[in-house]
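The structure appears below as structure tokens.
The values are calculated or read from the model by the stated rules, or taken from the named source; none is laboratory data. Keep in mind that this is a model prediction, so the values were computed, not measured. All Cβ positions, glycine included, derive from the backbone under ideal geometry; neighbour counts span all protein chains shown. Ligands, DNA and RNA are excluded from the accessible area calculation, which covers all protein heavy atoms including side chains. Shrake-Rupley method; radii C 1.70, N 1.55, O 1.52, S 1.80 Å.
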Amino acid sequence: MIGTVAKQEWRLLKADRTLAAVVVLMAAMVGYSLYNGSSWVAFQRQTLGAAETEQAERKGKLLKTLKGIEEGRIEVKGTQDPRSAASIGGNSSAPYLAMPPAPLATLAVGQSDLYPYYFKLNLRSKQAILANDEIENPTNLLAGRFDLAFVLVYLFPLVALALGYNLISSEREQGTLALAMSQPLTMREMVTGKIVLRGGLLLGLVVLFTFAGALLTGVDLGSSTVWLRLGLWVSLMALYTGFWFGLAVLVNSYQTSSATNALTLAGAWLGLVLVLPSVANLVATSMYPVPSRVEMVQAMRVAGKEAQSKGSMLLAKYMEDHPELMPAGEKPAADFTTLSYAVQMEVDKKVEPVLKRFDEQVEKQQAFVEGFKYLSPAILAQTAINDLAGTSLGRYQHFSRQVDGFFDAWKGYFLPKVFAKTKLGSGEVAGLPVYQFREETDGDILGRVGVVLAGMLVLSGAVLWVGYIRLRRVSIS
Amino acid sequence: MLQAIGLSKSYGAQTALDGLNLEVKPGEIFCLLGANGAGKTTTINLFLNFIEPTSGLAKINGLDVASDALETKKYIAYIPEQVSLYKNLTGLENLDYFATLASGAAVEKSRLVGYLREVDLPSGAEDRKVSTYSKGMRQKIVIAIAMAKQAKALLLDEPTSGLDPKASNEFSQLIRKLAGNGTAILMATHDLFRAKEDGSRVGIMRQGRLRQVLNTDEFGHADLERIYLEHMHD
Ligand SMILES: Nc1ncnc2c1ncn2[C@@H]1O[C@H](COP(=O)(O)OP(=O)(O)OP(=O)(O)O)[C@@H](O)[C@H]1O
Ligand SMILES: [Mg+2]
């Protein structure tokens, strides 16, 4: 019975050219979005490539100079000693720390264009290299670029609703409902046959386009993590399709006209996809307001001025605490560079509470939005897709932690040498640690996306369930 | 085959059907007559389980339609007042769909075309879209569906309204042929002439009540009109 209805649906879709329209529309949207995604990834790769070349050249030049000095071919002139720890750690051998595009990055830009994806290391403040992850304006947070994720999360539901808004109402309006219902066929079977075909077709197109897109944009289909991610992607889309068709069934169960159904569903789309996310952000930012950036900058400035005025005192105190750093047989050098590092450390200490408060509030906001996302399948889908494509906040934070660790180690190595005025040789420079981005594990991804999938299953299941319960009471005459 | 026992339907204070008792035997054509709003469509919808009775039973082949809806629908065919089909599909595709639903299995194309010849659909028309059909042609498709289903009972709601006299006559012949094969037929109609001509019995309804049942061989055409009008006037 369900199969018979599905076959009939196929005929109907073919006959009124809906099918052709859907395929063309989807292909155009997906094509454009993949173009956007791959140009963004190409741009990132190019930038990172250039940074790497520059870094290698810089280090090569430094090593040559150091060897020259060591072999007595080059003479050190002026105040700038290329062997000084401040110069080597803060500039000439400072590496770029980069987060390369993830395997499926061409499919979703996500928030990767809001967050820096590479930093040039220095010996100064962390704030100088790390941007803060404040929640940005909601359209940025959710919509962003016209990438495949945007097409699937925001536009795809409209296509699904266009195919589902008149599941029952069209049969009623063209007068075929009574004839069908006078056969040994239940309303539920009929609706199931219809959504199995329409939803299945749509899902089939999504899978086809996603895989074609992955192939065309150079995603490595030989890797197991790519297959895991694509598998989760398809499961997510299946549940997401189920949600929108479930909503269509629910609305149709109220026996209103096709026009009313279309309006109701368009309203639901607007609410779930656009309004709810904005409300989430609005509530989050008013419940947990972050200290303004002006306040933060002000605090840094005040601390900076104060520290500056007692710079030599600070340095003296530091040296008292770390007598082992006293340059052999010298007075503590109160030269500009050393002083400025001492000042910097004091400023960091002073500003820390303000920064901490800022971070805490942002974290609370994120936790709130995190909980709120279970109300909207669109937010859920977007989060999962960003995780799968590796353009999520989660991966950025993963990167950010790596940067923190490397930065601390780097400073821990160089700063004592700055104060002790140690000079580095080519051997030490060649042996400096190299940063390599560690990708999130499949387990990390599975954990985060699994929770979202479960949430989506509950949402889709709930609308379908209520819709199907109500179908029993739909009258035919 | 078709049986109504104290069958009633109310919409709030409004009684659409009031204690209907009726039986239509295999091979019999029972014509329901009555003014607009008399309760004819309500009766048919109750047999189809499209609406629930307020009280009483509607039975098909001995089964209560309210508790055995799916099973009873295997025995009946229905021709609605507005014969609507899928306009963008051909007559044959429409027949194929409904016949498959009706019998629960695919029906061979040659058999389907056979039914269409039997109902006298102009040959070649079956491959045209239904949007190009006349009402009579659409009705023939629906009758072919009933034939393919080999239904034991047929429910018809004003089937001849809007048909020209020739089409109406052709339709009557098909109905009689089905009755001749043992199908029980319940037909709501305003056409006194066809009721007298085709029916085995006629029932006159008014305000939800079945006022009188007559055997068609016991009176003439003129008598039927007189009796009908008498019921409508008092
Ligand atoms: N859904 C409904 N809600 C309220 N009243 C209804 C409903 N359906 C039918 N009725 C009422 O029930 C009564 C019987 O209607 P029914 O359609 O059975 O009449 P009918 O004999 O088929 O008339 P017609 O010859 O015009 O087709 C009418 O008074 C009608 O207004
Ligand atoms: Mg009627």
Mean 1/r over distinct Cα pairs of chain A, inverted to a Kirkwood Rh in Å, yields 26.3
Could you compute the FRET efficiency for B:Lys109 and A:Ile2, with r as their C-beta to C-beta distance and R0 at 25 Å, rounded to 0.05? 0.65
Within the set B:Asp198, B:Asp157, B:Asp120, GNM on chain B using Cα springs under 10 Å gives the largest fluctuation to B:Asp120
Sticking to Cα atoms, compute the Rg of region B:46-159 to one decimal and its Dmax as the biggest Cα-Cα distance, whole number, in Å. 14.9, 48
Any aspartates and glutamates whose Cα falls less than 16 Å from that of A:Lys350, other than same-chain ones fewer than 8 residues away, would be A:Glu295, A:Glu306, A:Asp359
How well do other chains shield peptide B:101-110, expressed as the mean number of their Cβ atoms within 10 Å of each residue Cβ? 3
Taking only protein heavy atoms and a 1.4 Å probe, what accessible area per residue, in Å², does chain A have with all protein chains in place? 45
Nearest 10 degrees, 0 to 90: helix A:18-70 Cα axis against chain A principal axis: 10
Which of the chymotrypsin sites (Phe, Trp or Tyr not before Pro) found in region A:223-312 are loop residues per DSSP with 16 or fewer other Cβ atoms within 10 Å of their Cβ? A:Tyr254
Yeah, region B:113-160 with a ≥ b ≥ c from its alpha-carbon gyration tensor (a/c under 1.5 is rounded, else prolate when a/b outruns b/c, oblate otherwise) is oblate
Who wins for biggest fluctuation among B:Leu17, B:Leu57, B:Leu101 in a Gaussian network model of chain B, springs between alpha carbons below 10 Å? B:Leu101
So if R0 is 41 Å, what FRET efficiency would A:Glu173 and B:Phe193 give, r being the distance between their Cβ atoms, rounded to the nearest 0.05? 0.75
The value for region B:1-51 (convex hull of the alpha-carbon atoms, volume per residue, Å³) is 76
Expressed as a fraction of 2.2 N^0.38 Å, the rule-of-thumb size for a compact globular protein of N residues, what is the C-alpha radius of gyration of region B:83-150? 0.95
Looking at region A:369-477, which trypsin sites (Lys or Arg not before Pro) are DSSP coil and have at most 13 other C-beta atoms within 10 Å of their C-beta? A:Arg438, A:Arg472, A:Arg473
Could you give the nm distance between label points at A:Tyr32 and A:Asp335, where each point is 7 Å from its Cα heading toward the beta carbon? 5.9
Acute angle (nearest 10 degrees) that the helix A:258-269 long axis makes with the longest principal axis of chain A, alpha-carbon atoms: 20
Rounded to 5, the percent of DSSP beta bridges in chain B classed as antiparallel: 55
Other protein chain Cβ atoms within 10 Å, averaged over every residue that makes up B:78-87: 5
What range in chain A is the longest one free of GluC sites (Glu not before Pro) that are in a loop by DSSP and have at most 10 other Cβ atoms within 10 angstrom? A:76-329
Here FRET efficiency (C-beta to C-beta, A:Lys310 to A:Trp465, R₀ 60 Å, nearest 0.05) is 0.30
Rg over Rh, two decimals, chain B (C-alpha only, Kirkwood Rh): 0.97
The orientation-averaged projected area of the Cα convex hull of region A:343-477, in nm², is 13.1
When the chain is fully extended, how far beyond the present Cα-Cα distance does B:Asn215 get from B:Leu229, taking 0.36 nm per residue of separation? 3.3 nm
Can you pull the mean other chain C-beta count within 10 Å for peptide A:181-191? 6
Quick one: which of B:Lys59/B:Lys166; B:Lys73/B:Lys129; B:Lys149/B:Lys177; B:Lys9/B:Lys73; A:Lys7/B:Lys59; A:Lys194/B:Lys74 span more than 24 angstrom between C-alpha atoms? B:Lys59/B:Lys166; B:Lys73/B:Lys129; A:Lys7/B:Lys59
Residue with peak Gaussian network fluctuation, chain B [Cα springs, cutoff 10 Å], from B:Thr100, B:Thr43, B:Thr160: B:Thr100
Relative to the first principal axis of the alpha-carbon coordinates of chain A, what is the inclination of helix A:393-419, with its axis defined by its Cα atoms, in degrees from 0 to 90 and to the nearest 10? 0
Residue separation times 0.36 nm, minus the C-alpha to C-alpha distance between A:Arg188 and A:Ala430: what's the value? 79.9 nm
Taking 0.36 nm per residue of sequence separation and subtracting the Cα-Cα distance, how much length would be gained by fully extending the chain between A:Glu320 and A:Ser477, in nm to one decimal? 47.1 nm
